[in-house]
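Values quoted throughout were computed directly from the atomic coordinates according to the rules given, and no laboratory measurement underlies them. What you are looking at is a predicted structure, and each value in this text was computed from that prediction instead of being measured. Note: ideal-geometry Cβ built from the backbone for every residue, glycine included; neighbour counts use all protein chains shown.
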Amino acid sequence: ARVTYIEHDGREHVVEVKPGLSVMEGAVRNNVPGIDADCGGACACATCHVYVDEAWREKAGKASAMEESMLDFAEAVEPNSRLSCQIRVSDALDGLIVRLPANQH
Ligand code: FES
């Protein structure tokens, strides 16, 4: 599935991410800067914070209770904030757009 990552300065990275990988893994494997993912995807660091494009919020789903509590550690959290390691890429998310925060805490 095609995922577009938009850096805070507006730079766009359009990459093909295999269904089953997380949005975080898609960034890390394709050298998209701006997602630190210190915990490696265990929902335990909040350094994979992204903003899901409004058009994709519903399809990307809601944060779990665990993710919500981890998001408290991220900066500049918005209603469309998610931890990208908790969004599983699938064909239904082909075309997904996420924006990256100015920095991961
Ligand atoms: Fe650590 Fe997502 S990679 S919470």
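Remarks
- Helices in the chain, meaning DSSP H runs of at least 4 residues, each add -39500 (n - 2.57). Divided by all residues, the mean residue ellipticity at 222 nm is -4000 deg cm²/dmol.
- Rel. contact order, % - alpha carbon contacts under 8 angstrom, at least six apart, the chain: 42
- Mean-square fluctuations from a GNM of the chain, with a 10 angstrom spring cutoff on Cα atoms, peak among GLU75, GLU58, GLU25 at GLU58.
- Restricting segment 1-93 to chymotrypsin sites (Phe, Trp or Tyr not before Pro) that sit in a DSSP loop and have at most 15 other Cβ atoms within 10 Å of their own Cβ leaves PHE73.
- Here is the tail figure for the chain: Cα pairs spaced more than 24 Å apart come to 10 percent of all pairs.
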